[in-house]
1. Listed highest first by mean packing, meaning other Cβ atoms within 10 Å per residue, what order do 48-60, 73-85 come in?
2. Which angle from 0 to 90°, rounded to the nearest 10, does the C-alpha axis of helix 14-25 make with the longest principal axis of the chain?
3. Could you name the aspartates and glutamates whose alpha carbon sits less than 12 Å from that of LYS108, not counting residues in the same chain fewer than 8 places away?
4. Farthest toward the dipole's positive end in the range 51-138, which of GLY67, TYR134, THR118, given Cβ charges of +1 (Lys, Arg) and -1 (Asp, Glu) about the Cα centre?
5. Could you quote the convex hull projected area for the range 66-200, Cα atoms only and averaged over all directions, in nm²?
6. Treating the angle as unsigned and between 0 and 90°, give the value, to the nearest 10°, between the Cα long axis of helix 218-229 and the longest Cα principal axis of the chain.
7. So what is the 222 nm mean residue ellipticity for the chain from helices alone, if each DSSP H run of at least 4 adds -39500 (n - 2.57) and you divide by all residues, rounding to the nearest 500 deg cm²/dmol?
8. To the nearest 20 debye, what charge dipole does the range 240-317 have about its Cα centre, counting +1 at the Cβ of each Lys and Arg and -1 at the Cβ of each Asp and Glu?
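The values are calculated or read from the model by the stated rules, or taken from the named source; none is laboratory data. Bear in mind that the values here come from a model prediction, so they are computed numbers and not experimental data. When we count neighbours, we look across all protein chains shown, and the Cβ atoms used for this are built from the backbone with ideal geometry, even at glycine. Please note that ligands, DNA and RNA were not included when accessible areas were found on the heavy atoms of the full protein model with its side chains. Shrake-Rupley method; radii C 1.70, N 1.55, O 1.52, S 1.80 Å.
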Amino acid sequence: MANQIILVTGAAGFLGSHLCDALLAEGHTVIGVDNFSTGSSVNLEHLSSESKFRFLSHDITHSFDPGRIDYVFNFASPASPVDYTRLGVETLRVGSAGTFNTLEIARKYNAGYLHASTSECYGDPEVHPQVETYWGNVNPIGPRSVYDEAKRFSEAAVMAFHRYYGVNTHLVRIFNTYGPRLQANDGRVVSNFMIQALRGESLTIYGDGSQTRSFCFVSDLIDGILRLSRSSEHLPVNIGNPDEYTILECAKEILAVTGSRSEIVHKPLPPDDPARRRPDITRARTLLGWEPKVSLREGLSRSLEYFRSSIVSHVSV
Ligand code: NAD
Ligand code: UDP
């Protein structure tokens, strides 16, 4: 297992950069690919003198050949609602052409493949908590469709390469994940609230704040993903923390952790914003022996320093 050559797309992003760190720490050689559409070179700065890390500046919607590799982690895609709304067509392209191109690389080199899918495949779910066998409730033409349908198409492509070509594929459905290197200005709830709280600005709750999310700390997620990548499971597996919070509760946790006295204000709820989201992690527990360990309070505390330092360098959210 050790000393594989591993391709990570989306390497300059939040999750991709943590994945590169974890793989390098295990002794693998990592080729990171990114076009910096939403990621940042700052996330990879600490690897500049790492001899086992190589970086390729490339848009994966154009085919490429990194040379012989043993494994592909396909994480490239805008991920926050603000980013994928701004980059709608690019998001559809990376989730279609980009997924095909990376699957072709895995097929050519007989490599393993893991695709970063999402809880958004369930849309605004009628089944709660969400089990992997639920097919979802997705608006195929709404503002979130550029992301949701790209991810659902990617899942179909991954399953097809497994079924028709025998590629050793894996699909992780990631639920809301946060931690250091979450882009401070990407509009996601944890980054917005942390920055607002630290600046003493009002926390912007969209709608009445009764919608729920279940927040996973990045180290737990990476552990689950590595386990899945080494398993023999080819069907989708949810990885997320099943502790469910309303967005109002999340705001209060962030006020408590930051010690901020910011007010809470309400803004309009974006269209098709899912009312609730919580993973059923029975499959991850039984197939991978995986369980999240970090509570929201602890994970927010571990992220505090990062957000403190990023308010110096980032523009207003
Ligand atoms: P991110 O925006 O920080 O990282 C995505 C990276 O992909 C960026 O560095 C971006 O520049 C790169 N990228 C985008 N299009 C590209 C292209 N065409 N070619 C090359 N690189 C490209 O987001 P993240 O939170 O790290 O998400 C990583 C992956 O995990 C995404 O696929 C996302 O859909 C998935 N995911 C994340 C979450 C979460 O809570 N963070 C939840 C569900 C799924
Ligand atoms: N949200 C909010 N205020 C913000 C940012 C987000 O109330 O400043 C809400 C958003 O409407 C959604 C939830 O927080 O209900 C999570 O949003 P996020 O953009 O993090 O990701 P999503 O889970 O919707 O993909």
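1. Working: 48-60: 14.6, 73-85: 24.5.
Order by mean packing, descending: 73-85, 48-60.
2. The helix 14-25 is inclined about 50 degrees to the chain.
3. Leaving aside aspartates and glutamates fewer than 8 places away in the same chain, those within reach of LYS108 are ASP65, ASP70.
4. GLY67
5. Working: hull surface 38.5 nm².
Orientation-averaged projected area of the Cα hull: 9.6 nm².
6. Taking the Cα atoms of the chain, the angle to 218-229 is about 30 degrees.
7. Values: 9 runs with 108 residues, N = 317.
Estimated from H runs of four or more residues: -10500 deg cm²/dmol.
8. Values: 12 positive and 11 negative charges, 23 e Å.
That gives the range 240-317 a dipole magnitude of about 120 debye.
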